[in-house]
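The values are calculated or read from the model by the stated rules, or taken from the named source; none is laboratory data. Not measured: the values here are computed from a predicted model. Cβ atoms come from the backbone with ideal geometry, glycine included; neighbour counts cover every protein chain shown. We work out accessible area using only protein heavy atoms, side chains counted, and drop any ligands, DNA or RNA first. Shrake-Rupley method; radii C 1.70, N 1.55, O 1.52, S 1.80 Å.
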Amino acid sequence: MSYHYHPRYGLGYDESIDDYKVVGFFCSSICFCEVQVMVYTLRSDSWRRIGDFPPRCFPQGVGTFVNGALHWIVGNESNDNIVSLDLAKETYGEVLEPEYGYGYLHEMLDVLNGCLCMVRYCNACADVWIMKEYGIRESWTKLVVIPYTSHPIERLCILKNGEFLLRIQSHLVHYIPKDGTFSHLTVPNCPRYFDEYPYVESLVSPHIDADYGV
């Protein structure tokens, strides 16, 4: 059976073996409910198959790396939830979403200050939630409510002064919660289409080192 329909990926660091891993999800071109999961490790320079994704679920977007695990929003017959993949154990888990209490149009995962973040879009705004204690549902806290924009927020980061940097339709936007103002930022020589991801500074190089056989 061929697995190639709408692949999804995630990148993270496995601290237990000091290695970087890429996780790929491949849905059968024949049966959408069958999802094959492959893992690539930098040291081995090869792919291998691991346990299949939960049945009748397919991840949305790029995996969000927090607390040694990758996270995806997945949908099934009844609702959406967050599925995690522990990169060291290569086992799946579930992270419970906040108790919102009302409907939504769209939701997105991100990372803010090292915490798992959920952006949930409603009719007139986007609610930004962060999980202050990983795995503890009660620790979900609504951080800010961003007024409705003409297009969904694709990425966001919080600045040291509490203001936000947003990416909306390939534009960088500065948002100030205090007065609710938006301003577009111009970046010289910036390509029309781009993406960005949070990272942690490290002296460890991800490049292949022949002396260590990786």
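Remarks
- Only one of the numbered conditions (1) charged (D, E, K, R); (2) modelled with pLDDT under 90; (3) in a strand (DSSP E or B) is not met by E99, and that is (3).
- For the range 124-134, the candidate set comprises residues that are of a type outside the set (A, V, I, L, M, F, W, C) and farther than 19 Å from T181 by Cα; within that set, the residue that is surrounded by the fewest Cβ atoms within 10 Å (Cβ to Cβ) is E133.
- Selected residue (criterion: farthest from the chain's Cα centre (by Cα)) from residues of the range 154-184 that are among the charged types (D, E, K, R) and surrounded by fewer than 16 Cβ atoms within 10 Å (Cβ to Cβ): D179
- Considering the range 135-153, and only residues there that are in contact (Cβ under 8 Å) with a residue 24 or more places away in the chain and open to solvent by 70 Å² or more (accessible area, probe 1.4 Å), the residue that is farthest from the chain's Cα centre (by Cα) turns out to be Y148.
- Residue within the range 160-174 that is among the acidic types (D, E) and in contact with a strand residue (DSSP E or B) (Cβ under 8 Å, 6 or more places away or on another chain) present: yes
- Of the criteria (1) in contact with a Phe, Trp or Tyr (Cβ under 9 Å, 6 or more places away or on another chain); (2) modelled with pLDDT of 85 or more; (3) surrounded by 17 or more Cβ atoms within 10 Å (Cβ to Cβ), which one I73 fails: (1)
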